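Working notes, structure below.
The values are calculated or read from the model by the stated rules, or taken from the named source; none is laboratory data. All values reported here derive from a predicted model rather than from experimental measurement. Cβ sites come from the backbone with ideal geometry, for glycine too, and all protein chains shown count toward neighbours. Quick note on the areas: whole protein, heavy atoms, side chains included, nothing else; ligands and nucleic acids left out. Shrake-Rupley method; radii C 1.70, N 1.55, O 1.52, S 1.80 Å.
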Amino acid sequence: MTAGLWTNWILPGIWITIQLTVYSAALAAVVAFGIGIARTHHSRVVRFLAGFYTEVFRGTSALVLMFWLFFVMPGLFGWALVPMWAAVLALGLSYGAYGAEVVRGALNSVAPAQREAGVALSFTPWQRMRLILLPQAVPEMIPPFNNLLIELLKGTALVSLLGVADTSFSAYLVRLATQESVEIYSVTLVIYFVIAFVLTRGMRALERKTKAGVGITAAAGGTR
């Protein structure tokens, strides 16, 4: 591949992939914590609505949702999204539903005695969540969140079907221009691996930091 192909297609495609990953992950994190915490709410109505959201978005295809947001929603509601934001919304809502189950499970794994201690100290529900439950639950969320983040990174390749010039779409254009399938798709695999590796190292560093903050020794961290 020539320098021009890298400058004009591959590097801009990598940047778009990174943007998609960051924006979708941010939305997914908001959804995951919001819905996950709602899944542990004392109100049955709130738990039902949160569970309904989780089941709907876990049970639908992110690709089909992306198409629905881009092609169907403008006709129904008159709201037109550019392809990139339709992709961010679809990926964030879908992976946020998976993340919500991670949050729910981590919160429920905190010892009941910790909740009772918060009640004994006259903490409000929000104070118990912020000061007692989340500090202990977040370190347990990070390994599965890391897996979801890597899956989200790979899921960004779906946006190429909407014509978004991400890494996958750029690789396709380069293949058409050069007819060199082996080289371009081998390079593309390496690009995704490198991004995933950086994300994994960052998440492991975050895991060690959060565990240290609550006095948990991450002795097994180096063996993962």
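Quick notes on this one:
- Within a Gaussian network of the chain (alpha carbon springs, distance under 10 Å), most fluctuating of Pro125, Pro139, Pro83: Pro125
- Pair-distance profile P(r), taking every C-alpha pair of the range 63-181, with 10 angstrom steps and integer %: 12, 27, 22, 20, 13, 4, 1
- Residue of Phe67, Phe57, Phe48 that the Gaussian network model of the chain assigns the largest fluctuation, springs spanning Cα pairs under 10 Å: Phe48
- Coupling constants for the range 130-140 follow from the phi torsions by the Karplus curve (6.51 cos²θ - 1.76 cosθ + 1.60, θ = phi - 60°), and in residue order they are 6, 9, 10, 6, 4, x, 8, 7, 4, x, 6 Hz; glycine and proline get x.
- Rolling a 1.4 Å probe over the heavy atoms of the protein chains gives the chain an accessible area of 54 Å² per residue.
- Where labels lie 7 Å past Cα in the beta-carbon direction, separation of Glu151 and Ser43 in nm: 2.9 nm
- Euclidean distance between Cα centres, the range 1-51 to the range 63-123, Å: 9 Å
- In range of the label at Val82: residues from the range 16-47 whose backbone nitrogen is under 19 Å from the point 7 Å along Cα→Cβ: 16-27
- Calculated FRET efficiency for the pair Phe52/Leu161, C-beta based, R₀ 25 Å, to 0.05: 0.30
- Three principal axis lengths of the range 38-125 [C-alpha, angstrom, descending]: 54, 21, 20
- Extension gain, Asn8 back to Ala26 (0.36 nm per residue minus Cα-Cα distance, nm): 3.7 nm
- Surface composition of the range 42-129: carbon plus sulfur atoms contribute 70% of the solvent-accessible area (1.4 Å probe, protein chains only, all chains present).
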